[in-house]
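The values are calculated or read from the model by the stated rules, or taken from the named source; none is laboratory data. All values reported here derive from a predicted model rather than from experimental measurement. Please note: Cβ atoms are built from the backbone with ideal geometry, for glycine as well, and neighbour counts cover all protein chains shown.
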Amino acid sequence: MNTPWWERTDLRYRRGRLHLGTHDLANLARSAGTGTPVYAYHAPRIAANFRRLRRALAAAVRQSRVFYAMKSNRFVPLLGVLCGAGAGVDVCSPEELLLARQTGFREDQISFTGTSLSEDDARVLARHPGVILNCDSLASLRRIARLAPGRSVGLRINPGLGLGYRSNRLLRYAGGDVTKFGIYAEQFPVALALAREAGLRVNGLHFHTGCGFLTPQLPVLDRIFARVRDFIRQAPPLDYVNLGGGLGIPLTASDAPLDLARWSAVVRKHFGRDRFTVCVEPGDYLVKDSGVLLLEVNTVEEKAGTRFVGVNGGFNIHIEPAFYELPLEPVPVVAAAASAPTRRVTIAGNINEALDIWARNVRLPRLAEGDVLAFLNAGGYGAAMSSQHCLRGAFREYLLP
Ligand SMILES: Cc1ncc(COP(=O)(O)O)c(C=O)c1O
């Protein structure tokens, strides 16, 4: 049998059963009880992803820090792995900020990059003076000046150019259509003047321009960094520049892993000589390929020429395939014989919405009710974005050692 492309991660068939690290996923699904979807995350993979990225960034610049974007997965044991490994954490709401503190992150290990900041949000920030704060609008600057006078602030900027997984427009945070994120070039002098007059010290710049980029998108990142230099030239002396997240991982057989050495070279080209600390704040890169979602087949039926496989979880527990057109490749947890025939199936969830499809027209060995499928690369933006739609939001999460 050919080695599947995803064996670059910690997943392997051993004696015909899919393992995440040393853990047999069929056993895990069974022991978790029936009827409950299961997320499993492999702690060693998360720690390894973090160390690999930290090394690549440290090799590019004089001073660096890696913050983990909590919005991608806030499972507390997983946060503990990253905290223990020495990561900082980026939060985007007061509740995420409090969860970071509860998990063991010190204030100075937390950065806050929110949007549409309210009075209540600003009051929570005022009670956490050690948290690094990035403001993404003039309105939030005014609010912080009033409720947390004298505070140091970073400005989230919008360089007017974005990138994302392949040509997926749904994942771009800048460029193309106008987005709500960040302070645009024409607003930037106004923001600097406003901060100065309000007694706020601007000590950092932050930008996040899209999600899921791989090596083919690095030339765009190079152009984004060049635009950021224009902002840096206008800014007062800075303590940090945060390059955001967005580093992607392979999602299909035709994706190659992001070439971190080339990414590092692009970072070095633009920021290698700066004295400020260069930060990144990825979510997916650290956690996505550590996780699988296990769902049980409950229906196999031909309808109008399409063979549907129904499973016990829907888009409300992982929205990426339905909402962002991002693939989560399904793999049986018990391997079929290498010679077993495959057939094309469409995998559907258990939510009464037409877009509740996990995968269309994918080739899989024969499936029967009771079989379990592992959806790969489910560690980011799955559990964290889940909802109770149709009151079918229950799942269990495991951090595997
Ligand atoms: C401000 C900010 N930083 C970091 C991230 C993390 O992005 P990713 O998981 O693609 O690395 C996001 C994602 O939405 C974001 O909005």
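Would you say G370 is crowded, with 16+ Cβ neighbours inside 10 Å and either more than 18 Å from the chain's Cα centre (by Cα) or under 26 Å from V81 (Cβ atoms) (or both)? When the stated conditions are applied, G370 does not pass them. Of all the numbered requirements in (1) closer than 30 Å to T342 by Cβ; (2) out of contact with any His (no Cβ under 9 Å at 6 or more places or on another chain); (3) in contact (Cβ under 8 Å) with a residue 40 or more places away in the chain, I46 misses one, and that requirement is (1). In segment 268-297, which residue that is buried (at least 22 other Cβ atoms within 10 Å of the Cβ) and β-branched (V, I, T) is nearest to G21 (Cα to Cα)? Only one residue fits best here, namely V292. For segment 384-396, taking the residues that are under 14 Å from G314 (Cβ atoms) and not in a loop (DSSP other than H, G, I, E, B), the one that is nearest to the chain's Cα centre (by Cα) is identified as M385. Residues of segment 131-179 that are among the aliphatic types (A, V, I, L, M) and free of Cβ contacts under 8 Å to residues at least 12 places away in the same chain: V178 alone.
What residue, among those in segment 308-344 that are buried (at least 18 other Cβ atoms within 10 Å of the Cβ) and acidic (D, E), is nearest to A384 (Cα to Cα)? Top of the filtered list is E320. The strands (runs of 3 or more DSSP E) found wholly in segment 245-359 and carrying at least 3 residues that are away from the ligand (no atom under 16 Å from the Cβ) occupy 291-303, 306-311, 330-332, 342-348.
Under the condition of being more than 21 Å from L192 (Cα to Cα) and touching an Asp or Glu at 6+ places or on another chain (Cβ under 9 Å), which residue from segment 202-232 is nearest to the ligand (Cβ to nearest atom)? Among those that are more than 21 Å from L192 (Cα to Cα) and touching an Asp or Glu at 6+ places or on another chain (Cβ under 9 Å), it is C211. Contact map, segment 266-290: first residue in contact (Cβ under 8 Å) with a residue 60 or more places away in the chain, second residue in a helix (DSSP H, G or I) and near the ligand (Cβ under 8 Å from one of its atoms), Cβ cut-off under 9 Å, separation 6 or more or different chains; pairs are P282/S72; G283/K71; G283/S72; D284/S72; L286/S72; V287/S72; K288/S72. Here is the figure for segment 65-102: residues that are touching a Ser or Thr at 6+ places or on another chain (Cβ under 7 Å), more than 16 Å from the ligand (Cβ to nearest atom) and under 29 Å from V266 (Cβ atoms) total 1.
Here is the figure for segment 152-168: residues that are under 30 Å from A198 (Cα atoms), among the polar types (S, T, N, Q) and under 20 Å from the mean Cα position of the chain (by Cα) total 1. Note down all Cβ pairs under 7 Å where the first residue falls in segment 94-116 and is under 23 Å from I157 (Cα atoms) and assigned by TED's automatic domain parsing to the domain that holds C135, the second is part of a helix (DSSP H, G or I) and more than 16 Å from the ligand (Cβ to nearest atom), and they're at least six residues apart or on different chains. Final answer for the pair search is P94/V124; L97/V124. In segment 165-181, the count of residues that are among the charged types (D, E, K, R) and within 23 Å of L238 (Cα to Cα) is zero.
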